[in-house]
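Student: First, the structure itself, so that you have it in front of you.
The values are calculated or read from the model by the stated rules, or taken from the named source; none is laboratory data. None of the values given here were measured: they were computed from a predicted structure. Methodologically, a virtual Cβ is constructed for each residue, glycine included, from the backbone with ideal geometry; neighbour enumeration extends over all protein chains shown.
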Amino acid sequence: MDKKVRVRFAPSPTGGLHLGGVRTVLYNYLYARQHGGDFVLRIEDTDQNRYVEGAEQYIYDCLKWCRLIPDESPLKGGPYAPYRQSERKHLYYQYAQQLVDAGHAYYAFDTPEELERMRADLKTDENPNPQYGHATRGRMRNSLSLSREEVMQLLEKQTPYVIRIKMPENETVRFTDMIRGEVHFDTNQVDDKVLLKADGMPTYHLAVVVDDRLMQISHAFRGEEWLSSAPVHILLWKYLGWLDEMPQWAHLPLILKPDGHGKLSKRDGERLGFPVFAMNWTDPRTNESAQGFRERGFLPEAFINMLAVLGWNDGTEQEIFSLDEMVSKFSIERIHKGGAKFDFEKAKWYNHQYLQRKTGAELAELAMPYIMAHTATPTPEYLAKVCELIKERCTLLPDFWEQGHFFFETPEIKELDTIKQKWDENKKAFFQNWISMLESLPSWDHLSIENSFNEAIQAAGLKKGDIMLPLRIMLVGGKYGPGVFLIAEMIGKEDTVQRVNHAISLF
Ligand code: GLU
């Protein structure tokens with residue numbers, strides 16, 4: 001019988017969640033849902049030096065905002081708890097010891113100074129970064145180079161040591177990646193990674209393998225940056241005797257800078273003016289902050305859709321997928337091998353598309369905080385009508401204020417000059433006459449307002465085209481906005497008359 005699908009997202013809580021990380025979450029989530037499996041969140045916090053206060057909570061908040069809630073996690077618990085590696089410290093030692101006993105790992109007693117010396121001594125132009133591995137381990141202080149007695153003595157004296165994997169020489173490690181097909185590595189190129197540190201904490205390499213096994217993970221999807229670590233992990237699966245339980249691997253392609261040169265970084269976002277993290281993140285150590293997609297005004301469903309197709313498609317031209325559709329159509333095999341260029345304009349296009357699919361009432365709820373930041377709280381009904389009128393002009397949530405502020409405040413007339421250039425007594429007389437007609441209008445709706453406008457134009461012998469723009473500028477302050485008579489209807493008779501009168505008084 002096939003193993004139950006169990007996938008995991010295994011972040012280290014070291015900072016903001018990059019959009020590549022969210023995409024990894026998404027692909028894991030989709031795969032789990034599609035196969036009726038479990039999606040596990042495991043916090044990989046064994047590197048205490050890189051631990052950042054608040055980063056774990058931030059991960060939960062991001063997943064919540066994206067509505068990609070794990071089935072098992074440190075917060076939620078689950079049958080394989082604990083899900084935070086620092087709380088599983090006691091589990092790892094026995095496996096490191098098992099590897100030492102079987103000759104696949106060894107104790108290394110080298111001090112930081114000795115390591116430094118080795119690197120300095122062996123450094124050449126061809127090899128600027130000498131590794132601790134098959135070529136060098138013989139000259140270092142470890143249980144391979146020292147006699148049994150020496151090792152016993154060092155251990156008795158409680159000399160600090162780490163446990164390193166003994167990479168075999170001249171072997172090829174092969175595995176099949178669900179995206180890349182067969183991948184192979186020459187073991188001579190890989191160093192003897194530390195598995196257990198002097199403080200008894202495992203490193204990522206040991207912990208990831210032990211936990212994937214203990215948590216019965218069936219598929220391990222992670223970023224391409226981990227591909228170079230795969231040979232170490234595969235060998236650990238083998239040396240621990242678990243090869244037939246090893247998860248299937250898929251290394252997800254990188255998300256690239258817009259120009260396609262290299263991995264998209266936080267710095268690129270700062271340089272080019274777009275977010276790279278899911279939500280705002282402030283590093284508590286440096287106080288440096290970075291804007292998130294959420295705070296920029298993205299809807300989580302648009303963000304997720306944009307990420308899904310950054311590296312995957314369903315084989316058709318379709319671009320908009322609901323979460324349910326993604327669950328049914330997603331397949332790891334259709335993920336591209338090559339990196340996917342990030343395109344912020346496309347991200348905004350997605351958000352625009354998703355805004356158009358929402359009702360006025362839904363948009364009112366989303367836009368309310370952005371309106372309230374500038375003005376007294378409108379009624380939800382009024383805001384809903386405004387949102388309906390302007391949504392096609394809005395791409396990000398703050399646009400609801402930019403595109404609709406004149407529905408809530410008397411705008412400053414920024415385009416005064418445009419009116420002034422063509423202003424004359426005829427126009428002035430027209431506006432004066434028209435607003436007096438408005439006073440006696442029986443019904444205040446855009447059709448009646450437009451009819452009276454047309455009548456007044458005819459009576460004055462003017463061209464409608466010459467008057468519409470000044471009227472818009474009087475009501476809006478600029479040359480934008482939805483239908484001008486709809487605006488008049490919404491802001492009401494009093495404000496319409498007052499704005500026109502005020503504008504006239506400026507000439
Ligand atoms: N802890 C690793 C990270 O921070 C996870 C890599 C993996 O999924 O194996 O991304």
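Student: For the structure I just gave you, tell me whether Tyr93 is touching a Gly at 6+ places or on another chain (Cβ under 7 Å) and more than 16 Å from the ligand (Cβ to nearest atom).
Tutor: Details: touching a Gly at 6+ places or on another chain (Cβ under 7 Å): yes; more than 16 Å from the ligand (Cβ to nearest atom): yes.
The answer is yes for Tyr93.
Student: Next question. Which ones in segment 1-59 are more than 14 Å from the ligand (Cβ to nearest atom) and not in a helix (DSSP H, G or I)?
Tutor: Met1, Asp2, Lys3, Lys4, Val5, His35, Gly36, Gly37, Asp38, Glu53, Gly54
Student: From the residues in segment 282-323 that are among the basic types (Lys, Arg) and closer than 17 Å to Ala55 by Cα, which one is surrounded by the most Cβ atoms within 10 Å (Cβ to Cβ)?
Tutor: Arg294
Student: Tell me, please, whether a residue that is small (Gly, Ala, Ser), within 19 Å of Thr410 (Cα to Cα) and surrounded by fewer than 19 Cβ atoms within 10 Å (Cβ to Cβ) can be found in segment 459-470.
Tutor: Scanning segment 459-470, I find no residue that is small (Gly, Ala, Ser), within 19 Å of Thr410 (Cα to Cα) and surrounded by fewer than 19 Cβ atoms within 10 Å (Cβ to Cβ), so the answer is no.
Student: Then there is this: Right, His405: surrounded by 13 or more Cβ atoms within 10 Å (Cβ to Cβ) and either under 30 Å from Gly223 (Cα atoms) or polar (S, T, N, Q) (or both) or not? Write out each step before concluding.
Tutor: Values: surrounded by 13 or more Cβ atoms within 10 Å (Cβ to Cβ): yes; either under 30 Å from Gly223 (Cα atoms) or polar (S, T, N, Q) (or both): no.
No.
Student: Has segment 100-111 got at least one residue that is touching a residue at least 60 places away in the same chain (Cβ under 8 Å) and either within 16 Å of the ligand (Cβ to nearest atom) or within 21 Å of Gly223 (Cβ to Cβ) (or both)?
Tutor: No, because not a single residue in segment 100-111 is touching a residue at least 60 places away in the same chain (Cβ under 8 Å) and either within 16 Å of the ligand (Cβ to nearest atom) or within 21 Å of Gly223 (Cβ to Cβ) (or both).
Student: Just the residues that are acidic (Asp, Glu) and modelled with pLDDT under 95, please, taken from segment 284-313.
Tutor: Residue satisfying the conditions is Glu288 alone.
Student: If a residue must be surrounded by fewer than 23 Cβ atoms within 10 Å (Cβ to Cβ), touching a residue at least 60 places away in the same chain (Cβ under 8 Å) and within 22 Å of Leu195 (Cβ to Cβ), how many such residues does segment 25-52 contain?
Tutor: 3
Student: Can I ask one more? Would you mention how many residues in segment 486-502 are crowded, with 17+ Cβ neighbours inside 10 Å and either more than 27 Å from Glu388 (Cβ to Cβ) or among the basic types (Lys, Arg) (or both)?
Tutor: 1
Student: Moving on to the next point. Go through (1) modelled with pLDDT of 95 or more; (2) within 26 Å of Phe109 (Cβ to Cβ); (3) more than 12 Å from the ligand (Cβ to nearest atom) for Val209 and report which single condition fails.
Tutor: Only one criterion in (1) modelled with pLDDT of 95 or more; (2) within 26 Å of Phe109 (Cβ to Cβ); (3) more than 12 Å from the ligand (Cβ to nearest atom) is unmet by Val209, namely (3).
Student: Please determine, by comparing only the residues of segment 329-377 that are among the small types (Gly, Ala, Ser) and under 22 Å from the mean Cα position of the chain (by Cα), which one is nearest to Lys391 (Cα to Cα).
Tutor: Residue satisfying both the conditions and the ranking: Ala367.
Student: Let me ask you something else. Among the residues of segment 136-151, which ones are assigned to a helix (DSSP H, G or I) and either touching a helix residue (DSSP H, G or I) at 6+ places or on another chain (Cβ under 6 Å) or touching a residue at least 12 places away in the same chain (Cβ under 8 Å) (or both)?
Tutor: Arg137, Arg139, Val151, listed by residue number.
Student: What do you reckon, is Leu235 within 16 Å of the ligand (Cβ to nearest atom) and either over 23 Å from Leu26 (Cα atoms) or in contact with a Pro (Cβ under 6 Å, 6 or more places away or on another chain) (or both)?
Tutor: Values: within 16 Å of the ligand (Cβ to nearest atom): yes; either over 23 Å from Leu26 (Cα atoms) or in contact with a Pro (Cβ under 6 Å, 6 or more places away or on another chain) (or both): yes.
Yes: the conditions hold for Leu235.
Student: Suppose the filter is under 18 Å from Gly483 (Cα atoms) and not in a loop (DSSP other than H, G, I, E, B); does Ser452 pass it?
Tutor: yes
Student: Please enumerate the residues belonging to segment 163-184 that are assigned to a strand (DSSP E or B) and in contact with a Phe, Trp or Tyr (Cβ under 9 Å, 6 or more places away or on another chain).
Tutor: Ile163, Arg164, Ile165, Thr172, Val173, Arg174, Phe175, Thr176, Asp177, Glu182, Val183, His184, listed by residue number.
Yes/no per residue for (1) hydrophobic (A, V, I, L, M, F, W, C); (2) closer than 30 Å to Gly311 by Cα; (3) loosely packed, with under 15 Cβ neighbours inside 10 Å:
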position	(1), (2), (3)
Ala105	yes, no, no
Arg164	no, no, no
Met167	yes, no, no
Ile179	yes, yes, no
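Student: Here is a follow-up. Of (1) within 30 Å of Gly262 (Cα to Cα); (2) of a type in the set (D, E, K, R); (3) modelled with pLDDT of 95 or more, Glu365 satisfies all except one. Which?
Tutor: (1)
Student: Something else about it: What are the residue pairs meeting all of these: first residue in segment 488-506, first residue more than 20 Å from Leu383 (Cα to Cα), second residue aromatic (Phe, Trp, Tyr) and modelled with pLDDT of 95 or more, Cβ atoms under 9 Å, and 6 or more apart or on different chains?
Tutor: Correct list of pairs: Arg499/Phe406; Val500/Phe431; Val500/Trp434; Asn501/Phe431; Ala503/Phe431; Ile504/Phe431.
Student: Working carefully through the options Leu240, Leu195, find the one that is under 25 Å from Glu87 (Cα atoms) and surrounded by fewer than 22 Cβ atoms within 10 Å (Cβ to Cβ).
Tutor: Details: Leu195 fails: surrounded by fewer than 22 Cβ atoms within 10 Å (Cβ to Cβ).
Being under 25 Å from Glu87 (Cα atoms) and surrounded by fewer than 22 Cβ atoms within 10 Å (Cβ to Cβ) holds for just one of Leu240, Leu195, which is Leu240.
Student: Scan Ser448, Ser452, Ser505 and give me the residue that is surrounded by 14 or more Cβ atoms within 10 Å (Cβ to Cβ), farther than 28 Å from Phe400 by Cβ and of a type in the set (Gly, Ala, Ser).
Tutor: One residue alone meets the criteria, Ser452.
Student: Looking only at segment 118-146, count how many residues are surrounded by 18 or more Cβ atoms within 10 Å (Cβ to Cβ) and acidic (Asp, Glu).
Tutor: Total satisfying the criteria: 0.
Student: Say whether the condition of being in a helix (DSSP H, G or I), among the acidic types (Asp, Glu) and surrounded by 13 or more Cβ atoms within 10 Å (Cβ to Cβ) is met by at least one residue in segment 428-445.
Tutor: Looking through segment 428-445, none of the residues is in a helix (DSSP H, G or I), among the acidic types (Asp, Glu) and surrounded by 13 or more Cβ atoms within 10 Å (Cβ to Cβ).
Student: Need pairs with beta-carbon distance below 9 Å; first residue over 16 Å from Val276 (Cα atoms) and within segment 301-318, second assigned to a loop (DSSP other than H, G, I, E, B) and among the acidic types (Asp, Glu); sequence gap 6+ or separate chains.
Tutor: From residues that are over 16 Å from Val276 (Cα atoms), the pairs are Val309/Glu319; Asn313/Glu319.
Student: Among (1) away from the ligand (no atom under 13 Å from the Cβ); (2) farther than 16 Å from Val7 by Cβ; (3) of a type outside the set (Asp, Glu); (4) surrounded by fewer than 19 Cβ atoms within 10 Å (Cβ to Cβ), which single condition is Leu214 missing?
Tutor: Unmet condition: (2).
Student: Please work out which residue is surrounded by the fewest Cβ atoms within 10 Å (Cβ to Cβ), limiting yourself to segment 408-427 and to residues that are among the aliphatic types (A, V, I, L, M) and in a helix (DSSP H, G or I).
Tutor: Among residues in segment 408-427 that are among the aliphatic types (A, V, I, L, M) and in a helix (DSSP H, G or I), the one surrounded by the fewest Cβ atoms within 10 Å (Cβ to Cβ) is Leu416.
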